Each structure stands twice: as C-alpha cells, then as structure tokens.
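Only one structure is covered here, and it is reproduced in the block below.
No value in this document is a laboratory result; all are computed from the given coordinates. Every value quoted in this text rests on a predicted model; they were computed, and no experiment measured them. No Cβ is skipped: glycine too gets one built from the backbone with ideal geometry, and neighbour counts run over all protein chains shown.
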Amino acid sequence: SRKQGVVRSGRLKLVSAVNRAAEPVLVDEEPAPGEAPPEESSSDAPRLYRHSLVLELTGNYLDCLRYVESVERLPWHIYWSRLEVETDEYPTNRIVLELTTLSLDEEWIGV
C-alpha cells in the first residue's frame with residue numbers, strides 16, 4: 001500500500017510511505033534436474049519473513065541522521081537497510097529510508 005502527503009516530524013517532512021510485501025528470508029531451493037531431493041526437508045522449520053517500510057522524506061542531513069539514530073534506539077528490533085540522499089537545493093535533501101524488521105509471521109500490521 002502507498003500513502004502520500006506531507007506529514008511533519010521535527011524538521012523532516014514525510015513525502016511518501018510504502019509498505020512492501022513480506023519476503024521470506026530463506027527460500028528452499030529446488031533440486032536441479034536429475035538430482036534427488038534432500039533427505040531432510042526444511043518444510044517443517046519455521047519460516048522467517050522480512051517486512052520493509054520505505055519512507056521518502058525531505059529535510060537536511062543532520063535531521064535525517066538524528067531520525068535514524070532514534071529508530072536504532074527503539075525497543076523494537078527495527079533497523080534501517082537502505083539510505084539514499086540526494087541534494088537538489090542545499091540544504092534540503094530528498095531522503096529514501098528503508099526500515100526493516102524480521103518476523104516468524106508473514107502478516108504484519110499495515111501502514
């Protein structure tokens with residue numbers, strides 16, 4: 001799902017937020033043609049899913065750095081997996097930040 005608009009958080013402005021579909025972290029590999037399947041199947045093993053939220057923000061670099069640091073201090077296990085910064089008109093930057101968490105559940109709270 002995708003939400004757009006302008007929401008202020010400190011001096012950063014949220015331009016868009018995209019909740020990506022869950023992705024399995026480990027995918028069982030299919031045997032190559034002519035190969036026997038592995039004796040032990042991992043199908044009974046719990047599956048681990050990656051959930052990502054991509055934020056597009058505008059603001060200066062230091063405000064973005066403070067925001068990333070605050071995300072890292074959260075009590076939940078959320079980490080940033082991508083950070084892109086483009087400067088069109090100094091000191092305002094276009095910032096793309098991807099926040100990611102892992103879960104045993106494929107479903108995740110929507111944004």
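When the chain is fully extended, how far beyond the present Cα-Cα distance does Glu98 get from Glu84, taking 0.36 nm per residue of separation? Before the final figure, lay out the partial values.
Numbers: separation 14, 0.36 × 14 = 5.04 nm, distance 0.90 nm.
Separation in residues times 0.36 nm, less the Cα-Cα distance, equals 4.1 nm.
Sort the following peptides by mean Cβ neighbour count (other Cβ atoms within 10 Å, averaged over residues), highest first: 83-89, 18-24.
Values: 83-89: 10.3, 18-24: 14.0.
Per-residue Cβ counts within 10 Å, averaged per peptide and sorted highest first, yield 18-24, 83-89.
At 0.36 nm per residue, and after removing the present C-alpha to C-alpha distance, how many nm does the segment from Ser70 to Arg11 gain when stretched out fully?
Numbers: separation 59, 0.36 × 59 = 21.24 nm, distance 1.41 nm.
Using 0.36 nm per residue and subtracting the Cα-Cα distance, I get 19.8 nm.
What does the charge count near His51 come to, summing +1 for each Lys or Arg and -1 for each Asp or Glu among other residues with Cβ under 10 Å from its Cβ?
Working: positive: Arg20, Arg50; negative: Glu23, Asp105, Glu106, Glu107.
Computed value for this residue: -2.
Can you give me the Rg/Rh ratio for the range 51-111, using Cα atoms for both radii and the Kirkwood formula for Rh?
In the range 51-111, Rg relative to Rh is 1.04.
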